[in-house]
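This report refers to the structure that appears directly beneath it.
The values are calculated or read from the model by the stated rules, or taken from the named source; none is laboratory data. Bear in mind the structure is a predicted one, so any value in this text is a computation, not a measurement. Please note: Cβ atoms are built from the backbone with ideal geometry, for glycine as well, and neighbour counts cover all protein chains shown.
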Ligand SMILES: [Fe+2]
């Protein structure tokens with residue numbers, strides 16, 4: 001979808017947001033699984049990845065918010 005020239009910036013940002021949120025939830029599940037299995041070293045590694053994904057979600061959210069605000073002002 002992102003490589004399709006017909007994709008708008010809004011559509012691309014929404015797709016990116018969905019992907020980043022899915023990444024975040026995936027790490028959360030892996031953390032829970034590693035905790036259940038007593039894999040403390042993996043838990044720490046997964047938490048670092050989860051934190052990074054949280055930053056991605058926040059970054060894309062800011063981009064989406066800025067785009068939405070800018071678009072609203074043009075109407
Ligand atoms: Fe990410």
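Among the residues of segment 18-34, at least one is in a helix (DSSP H, G or I), surrounded by 14 or more Cβ atoms within 10 Å (Cβ to Cβ) and more than 17 Å from the chain's Cα centre (by Cα). Kindly provide the set of residues from segment 20-44 that are within 16 Å of the ligand (Cβ to nearest atom) and more than 23 Å from residue 9 (Cβ to Cβ), ordered by number. Scanning segment 20-44 gives 25, 26, 27, 28, 29, 30, 31. Just one of the numbered conditions (1) modelled with pLDDT of 95 or more; (2) more than 12 Å from the chain's Cα centre (by Cα); (3) loosely packed, with under 11 Cβ neighbours inside 10 Å is not true of residue 39; which one? Failed condition: (3).
The condition of being modelled with pLDDT of 95 or more, away from the ligand (no atom under 16 Å from the Cβ) and surrounded by 11 or more Cβ atoms within 10 Å (Cβ to Cβ) does not hold for residue 10. Counting only residues that are more than 15 Å from the ligand (Cβ to nearest atom) and assigned to a helix (DSSP H, G or I), segment 48-75 holds 10 of them.
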